[in-house]
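The values are calculated or read from the model by the stated rules, or taken from the named source; none is laboratory data. Worth saying up front: this structure is predicted, and the values here are computed from it rather than measured. Virtual Cβ from ideal backbone geometry, glycine too; neighbours counted across all protein chains shown.
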Amino acid sequence: MAAKQIQSIRGMNDVLPDESPLWEAFEDAVRGWLRAYGYRNIRTPVLEHTELFVRSIGAATDIVEKEMYTFTDELNGESLALRPEGTAACARAVIEHNLLYNGPQRLWYWGPMFRHERPQKGRYRQFHQVGVEAVGFPGPEMDAEHLVMCSRLWRVLGLGGIELELNDLGDAAARTRYRARLVQYLEQHESQLDADSKRRLTTNPLRVLDSKNPAMQEIIERAPKLAEDLDEASKKSFEDLQGMLLAAKVAFRVNPRLVRGLDYYNGAVYEWVSAGLGAQNAVCAGGRYDGLVEQIGGKPAPACGFAMGVERLLELMKAAGGARERAADAYLVNQGKAAQRFAFLAAEQLREDGVTVTLDLGGASFKSQMKKADASGARFAVIVGDDEAAAGVVSVKPLREDAEQRRVSVAEAVDMIKKGGT
């Protein structure tokens with residue numbers, strides 16, 4: 001009886017070789033983009049103490065209540081969690097390693113995050129984020145830098161139709177005032193609230209405004225606006241941010257219903273959304289979180305940042321034409337024991353001199369190997385038979401143009417391939 005086939009966990013996907021070129025193109029673009037703005041890479045573990053996320057994200061958030069992968073470490077009884085987002089872990093590392101001793105920090109990270117959600121397009125249980133955090137910078141100049149950065153990245157990636165929605169959550173006092181008014185309003189319409197909104201009414205009422213339920217939209221539209229509770233300093237900061245975006249020609253729409261699902265946010269918050277993704281339309285989101293560092297045990301420090309969903313952006317890149325896998329420069333065809341030994345060494349010499357080579361090791365006929373060479377997309381076939389092996393040379397055949405096959409030394413083959421066949 002055959003063993004049962006083991007498959008990947010639902011919502012945790014393999015990235016196959018045909019898909020990897022798109023990921024690599026995105027990664028290369030992102031690294032260059034971040035270097036242009038002076039951000040440095042930080043890498044944190046995928047596993048953290050559960051308490052870190054409870055204290056930062058908020059005990060009454062959907063992530064902590066329903067979506068985190070947590071378990072008890074059998075060795076010491078500690079509760080651990082796979083990270084559901086990157087900001088809290090980054091802030092923890094900043095505190096633990098005293099990174100602010102040398103001044104404010106511009107940091108970025110990349111990696112998998114984990115949430116136990118119902119898998120659907122654009123929402124997976126293991127997903128990847130690129131995150132950018134600026135710790136030690138008061139706003140609104142740094143908020144503006146982040147939004148201008150994002151606008152530039154969409155252009156670098158060749159993506160259109162990504163729109164910016166912007167709001168301001170004010171300080172803690174403003175949110176306390178607003179929460180009281182919002183709860184009073186929602187209680188008057190409690191019979192019209194769905195089950196999630198009724199639950200949030202007592203735990204995290206601002207999250208009711210984030211409901212995607214069509215039946216809730218009229219109630220949400222008529223709800224009080226947080227902007228009415230902002231103090232003068234918050235209003236001035238938000239106005240300054242908008243002015244800088246207008247000067248930089250970054251289009252935006254103020255969305256007074258925009259809230260973030262994480263408790264640590266204050267001040268300016270935003271989402272970049274695309275109509276090309278359906279219900280899961282946010283490709284990047286972030287804002288200011290001035291209280292987080294102190295909240296998890298550090299000295300008070302202003303901070304802001306954003307994270308983008310890699311899989312969602314790749315969907316948009318794919319729709320825009322994506323990126324094709326770059327073929328090797330040469331496909332090395334060989335047959336026979338002596339030819340294979342020489343071909344093995346010749347391939348290494350070609351690579352040493354900067355030529356990318358796919359070496360055929362299947363032992364198929366020359367005809368079959370030439371078909372594979374043509375299908376590989378390589379510009380040249382480098383051919384080694386018994387005669388070539390005995391003479392210590394190779395035959396080079398251009399595959400993408402009508403030109404003669406030539407027998408040359410390996411060094412001459414390097415020059416011929418690099419010059420395009422001449």
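Tallying residues that are part of a loop (DSSP other than H, G, I, E, B) and either outside the structural domain of residue 305 (by TED's automatic domain parsing) or of a type in the set (S, T, N, Q) (or both) within the range 114-168 yields 0. Checking each residue in the range 124-183 for being without any contact (Cβ under 8 Å) to a residue 60 or more places away in the chain and in contact with a Phe, Trp or Tyr (Cβ under 6 Å, 6 or more places away or on another chain) picks out no residue at all. If I ask for residues that are part of a loop (DSSP other than H, G, I, E, B) and of a type in the set (D, E, K, R), which ones from the range 38-96 would you list? Across the range 38-96, the qualifying residues are 43, 73, 74, 78, 83, 85. On the basis of being buried (at least 19 other Cβ atoms within 10 Å of the Cβ), over 24 Å from residue 306 (Cβ atoms) and not assigned by TED's automatic domain parsing to the domain that holds residue 285, does residue 209 make the cut? Taking the combined requirement at face value, the residue does not satisfy it.
Taking the conditions exactly as written (touching a Gly at 6+ places or on another chain (Cβ under 9 Å), closer than 26 Å to residue 256 by Cβ and surrounded by 15 or more Cβ atoms within 10 Å (Cβ to Cβ)), does residue 154 satisfy them or not?
Numbers: touching a Gly at 6+ places or on another chain (Cβ under 9 Å): yes; closer than 26 Å to residue 256 by Cβ: yes; surrounded by 15 or more Cβ atoms within 10 Å (Cβ to Cβ): yes.
Yes.
Among the residues of the range 207-231, those that are within 33 Å of the chain's Cα centre (by Cα), within 22 Å of residue 61 (Cα to Cα) and in a loop (DSSP other than H, G, I, E, B) comprise 211, 212, 213, 225.
Of the candidates 170, 160, 136, the single residue that is small (Gly, Ala, Ser) and within 20 Å of the chain's Cα centre (by Cα) is 160. On inspection, residue 11 qualifies as within 17 Å of the chain's Cα centre (by Cα), farther than 23 Å from residue 290 by Cβ and of a type in the set (Gly, Ala, Ser). Of everything in the range 284-315 that's touching a Gly at 6+ places or on another chain (Cβ under 6 Å) and of a type outside the set (Phe, Trp, Tyr), which residue is farthest from residue 12 (Cα to Cα)? Looking at the filtered set, the residue picked out is 301.
For every residue, the table says whether it meets (1) free of Cβ contacts under 8 Å to residues at least 40 places away in the same chain; (2) touching a Pro at 6+ places or on another chain (Cβ under 6 Å).
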| site | (1), (2) |
| --- | --- |
| 202 | yes, no |
| 209 | no, no |
| 218 | yes, no |
| 230 | no, no |
| 234 | no, no |
| 237 | no, yes |
| 245 | no, no |
| 255 | no, no |
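Determine whether the range 264-273 contains at least one residue that is touching a His at 6+ places or on another chain (Cβ under 8 Å), crowded, with 17+ Cβ neighbours inside 10 Å and under 26 Å from residue 211 (Cβ atoms). Looking through the range 264-273, none of the residues is touching a His at 6+ places or on another chain (Cβ under 8 Å), crowded, with 17+ Cβ neighbours inside 10 Å and under 26 Å from residue 211 (Cβ atoms).
Scanning the range 28-45 for residues that are loosely packed, with under 14 Cβ neighbours inside 10 Å and touching a strand residue (DSSP E or B) at 6+ places or on another chain (Cβ under 8 Å) yields a total of 4. Selection over the range 46-68 of residues that are surrounded by 14 or more Cβ atoms within 10 Å (Cβ to Cβ) and either of a type in the set (Lys, Arg) or not assigned by TED's automatic domain parsing to the domain that holds residue 291 (or both) gives a count of 1. Set side by side, the residues 275, 268 differ, and just one is farther than 19 Å from residue 169 by Cα, in the same structural domain as residue 132 (by TED's automatic domain parsing) and under 28 Å from the mean Cα position of the chain (by Cα), which is 275. Of the helices (runs of 4 or more DSSP H) lying entirely inside the range 319-422, the ones with 1 or more residues being under 42 Å from the mean Cα position of the chain (by Cα) are found at 337-352, 366-376, 410-418.
Within the range 67-99, being out of contact with any helix residue (DSSP H, G or I) (no Cβ under 6 Å at 6 or more places or on another chain), farther than 28 Å from residue 288 by Cβ and of a type in the set (Gly, Ala, Ser) holds for one residue alone: 77. For the range 173-206, the candidate set comprises residues that are part of a loop (DSSP other than H, G, I, E, B) and surrounded by 16 or more Cβ atoms within 10 Å (Cβ to Cβ); within that set, the residue that is modelled with the highest pLDDT is 193.
Residue under question is residue 44, and the condition is that it be in contact with a helix residue (DSSP H, G or I) (Cβ under 7 Å, 6 or more places away or on another chain), at pLDDT 95 or above, of a type outside the set (Lys, Arg) and more than 20 Å from residue 156 (Cβ to Cβ); does it hold? In short, yes. Of all the numbered requirements in (1) touching a residue at least 60 places away in the same chain (Cβ under 8 Å); (2) of a type in the set (Lys, Arg); (3) more than 19 Å from residue 293 (Cα to Cα), residue 43 misses one, and that requirement is (3). Confirm whether residue 230 is touching a strand residue (DSSP E or B) at 6+ places or on another chain (Cβ under 9 Å) and within 19 Å of residue 253 (Cα to Cα). Yes.
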